[in-house]
Each structure stands twice: as C-alpha cells, then as structure tokens.
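A quick write-up on the structure given underneath.
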Amino acid sequence: MSYRVEWSAKSVSDLSEHVAFLKKASKEAAKKMSSAIVSMADSLAEFPERCPEFSMLRNFPVPIRKCIVDGRYILLFGVRADSVTIYRVLDARRSFSGLLS
C-alpha cells in the first residue's frame, strides 16, 4: 500500500529554519540536508511502520513515529489509513523536549 505524505505547517517551518541556519555556513550542505530530509519523508509513502514509535508523545490522536535522517534530524510523523503526516523536523543534537508541548 502506498500512503500520501503530507507536511504540517510546523514541519515546513522547522525544515525552513534548519535550512536557513545551515545555509549560513554552507549552501551546499543546506541543500544536501534538505534533500535528505525530503527523500526520507517521501520514502515513508511505502511502509512507514518500519520506524519506531516515539514514546515522548503519548496524548496524541495517532501514535507518533520517529525517523532519523543522517543521524542529525528527527522526523516525527503519524500514520493514518491512507496518509502519513510529518508533524515536526527536529535537530537531534539539540534538546527538543520543550518544543513538543
């Protein structure tokens, strides 16, 4: 089964912020990182359940799963009957627990 991949407004904002920050140091690195994140998100259209559940979020309408991209970024997403929604794109090197409330 193939799922439709959707991005929440917050996840688009997260990605834009990460790209803008990295672009200050290297436009090429920012482009590479952005491409890797989008490719990973697109790959969730096929078998998104391969990624483990994210135990830090419990009170959510659907179970939240996490996917690590290049050991640096975390995609938080939910799976519904026919779609995968990317909710957040977080930098794994930062403390993000306060961002999730």
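No lab work stands behind these numbers, since they all come straight from the coordinates. Not measured: the values here are computed from a predicted model. With ideal geometry, Cβ positions are generated from the backbone for all residues, glycine too; neighbour counts draw on all protein chains shown.
Within the range 1-70, list the trypsin sites (Lys or Arg not before Pro) lying in a DSSP loop whose Cβ has at most 14 other Cβ atoms in a 10 Å radius.
K24, R58
How would you rank 72-79, 13-20, highest first, on the average number of other Cβ atoms within 10 Å across their residues? Before the final figure, lay out each step's value.
On the way: 72-79: 20.9, 13-20: 15.9.
Ranking, from highest mean packing down: 72-79, 13-20.
Helix 9-23 versus the longest principal axis of the chain: what angle, 0 to 90°, nearest 10, using Cα atoms?
The answer is roughly 20 degrees.
For a Förster distance of 22 Å, can you work out the FRET efficiency between the beta-carbons of D42 and R94, rounded to the nearest 0.05? Don't jump to the answer; show the numbers that get you there.
Working: r = 25 Å, r/R0 = 1.11.
For R0 = 22 Å, the calculated efficiency reads 0.35.
Considering amide H positions built from the backbone, and no H for Pro or chain starts, which residues 5 or more places from R88, or on another chain, come under 5 Å of its amide H?
Amide H neighbours of R88, under 5 Å, 5+ apart: L76.
Just want to confirm a number: the relative contact order over the chain, from Cα pairs under 8 angstrom separated by 6+ residues, in percent.
Details: 145 pairs, mean separation 32.1, N = 101.
Contact order relative to length: 32 percent.
D82 to E17: FRET efficiency via 1/(1 + (r/R0)^6), r the Cβ-Cβ distance, R0 30 Å, to the nearest 0.05? Mind dumping the intermediate values first?
Values: r = 29 Å, r/R0 = 0.98.
Plugging the Cβ-Cβ distance into 1/(1 + (r/R0)^6) gives 0.55.
Nearest 10 degrees is fine. How inclined is helix 27-43 to the longest principal axis of the chain, computing both from alpha carbons?
Tilt of helix 27-43: around 10 degrees.
In the chain, what is the volume of the convex hull around the alpha carbon atoms, normalised per residue and reported in Å³? Walk me through the numbers on the way to the answer.
On the way: hull volume 9.6 nm³, N = 101.
Output value, Cα hull per residue: 95 Å³.
Note down the magnitude of the dipole of the chain about its Cα centre, charges +1 on Lys and Arg C-beta and -1 on Asp and Glu C-beta and zero elsewhere, to the nearest 20 debye.
360
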